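K.L.:
Encoded as structure tokens, here's the structure I'll be asking about.
The values are calculated or read from the model by the stated rules, or taken from the named source; none is laboratory data. Quick caveat: nothing in here was measured; it's all calculated off a predicted structure. Using ideal geometry, Cβ is built from the backbone for each residue, glycine included, and neighbour counts are taken over all protein chains shown. Accessible surface is based on the protein model in full, side chains and every heavy atom, while ligands, DNA and RNA are left aside. Shrake-Rupley method; radii C 1.70, N 1.55, O 1.52, S 1.80 Å.
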Amino acid sequence: MLPTLIGLTTTAAAAASAAAYQSMAPTGQWYGQTFAGGIRGSKQIALTYDDGPNDPHTLKLLDVLAKHNVRATFFMIGRYVQQRPDIARAVAQAGHVIGNHTFTHPLLIFKSTAETRAELSNCHQALQDAIGEHSNLFRPPFGGRRPATLRIVRELGMQTVMWNVTGYDWNAPPAAVIEKKVGRQMRGGDVIVLHDGGHRAMGADRAQTVIATENLILRFKDQGHEFVTLEEMMKALSPQPAKS
């Protein structure tokens with residue numbers, strides 16, 4: 001009996017561990033389909049930025065992206081959009097895609113259905129007030145989601161998007177470290193997540209991310225890669241109508 005109980009306990013622990021991993025893993029699909037990258041081996045790269053808008057680094061990032069004629073995707077926190085709608089408008093006017101990153105950046109796997117719905121709806125309204133119509137893309141804070149989270153996203157007409165490459169830049173390491181971590185993960189058709197802000201407070205230092213962004217653009221453009229928005233990458237994967 002004891003070996004059987006030990007075996008059952010071990011199996012249950014393994015299952016719980018796997019379930020917890022899938023709730024946070026960027027490319028995990030246990031709890032519902034999410035977008036986490038394009039065609040493996042393609043030349044497309046999508047640069048994405050979380051936790052803005054942020055003063056002054058979002059604006060500095062816009063300068064770098066404009067210099068190299070690159071469009072990116074920004075997932076914004078609603079309460080920051082309310083604080084600095086001018087920065088959100090600058091991002092939109094520059095032709096970048098803007099998505100929903102909740103209103104206060106909570107870990108949604110611990111939030112009720114009502115709380116989750118409010119986080120998404122309030123962020124949507126903040127974006128609507130600041131820039132008007134915007135994308136239906138949503139990225140969960142920390143990547144955390146569960147089946148109920150994804151169901152609410154669908155009910156609100158949004159699409160959950162994740163990533164498959166990260167620069168691990170939330171603690172503001174040197175630009176060279178960010179570049180090295182990104183370079184090790186690249187396989188083509190990649191969605192890179194970086195941060196133009198910080199979820200704890202406005203004003204997070206993202207100077208190294210701005211530097212790393214320019215160096216990554218130069219590096220991968222030299223290798224023949226094309227930088228696209230998430231909408232463009234997703235469109236490339238959509239079935240094309242048959243020609244008559």
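K.L.:
Go through Arg40, Arg151 and list them by solvent-accessible area, largest first, probe radius 1.4 Å.
P.N.:
Of Arg40, Arg151, the descending order of accessible area is Arg40, Arg151.
K.L.:
For the range 36-45, what does the Karplus curve 6.51 cos²θ - 1.76 cosθ + 1.60, with θ = phi - 60°, yield as ³J(HN,Hα) per residue in whole Hz, taken in order and with x for Gly and Pro?
P.N.:
9, x, x, 6, 4, x, 6, 8, 7, 9
K.L.:
Which of Ile109, Leu137, Ser121 sits farthest toward the positive end of the charge dipole of the range 103-145, with +1 on the Cβ of Lys and Arg and -1 on the Cβ of Asp and Glu?
P.N.:
Farthest towards the positive pole: Ile109.
K.L.:
Can you list the residues, at least 5 places off or on another chain, whose amide H is less than 5 Å from the amide H of Asp50, using H built in the peptide plane?
P.N.:
Here the answer is Phe75, Leu194, His195, Asp196, Gly197, since their amide H atoms fall under 5 Å of that of Asp50.
K.L.:
Next question. Among Gly224, Gln82, Trp170, pick out the residue whose Cα is farthest towards the positive end of the charge dipole of the chain, where Lys and Arg carry +1 and Asp and Glu carry -1 on C-beta, about the Cα centre.
P.N.:
Gly224
K.L.:
Turning to a different aspect of this structure: What residues qualify as long-range amide H neighbours of Val165, i.e. H under 5 Å apart, gap of 5 or more or another chain, H built at 1.01 Å from N?
P.N.:
Val191, Val193
K.L.:
Here's something else I'd like to know. If packing is taken as the mean number of other Cβ atoms within 10 Å per residue, what is the order of 54-61, 130-137, highest first?
P.N.:
54-61, 130-137
K.L.:
Output the Cα-based Rg and Dmax of the range 87-183 in Å, rounding Rg to one decimal and Dmax to a whole number.
P.N.:
Taking only Cα atoms of the range 87-183, I get Rg and Dmax of 14.9, 42 Å.
K.L.:
About its Cα centre, how strong a charge dipole does the range 148-207 have in debye, to the nearest 20, once Lys and Arg get +1 and Asp and Glu get -1 at the Cβ?
P.N.:
200
K.L.:
With a 1.4 Å probe and all protein chains left in place, how much accessible area per residue does the chain have, in Å²?
P.N.:
48
K.L.:
Another question, if that's okay. Tell me, what is the 1.4 Å probe accessible area of Trp170, in Å² to the nearest 10?
P.N.:
130
K.L.:
Please list Glu179, Glu231, Glu155 in order of solvent-accessible area, largest first, computed with a 1.4 Å probe with all protein chains present.
P.N.:
Glu155, Glu231, Glu179
K.L.:
Another question, then. Cα to Cα, under 16 Å, and not fewer than 8 places away if on the same chain: which lysines meet these conditions relative to Lys43?
P.N.:
Straight-line reach from Lys43, under 16 Å: Lys221, Lys235.
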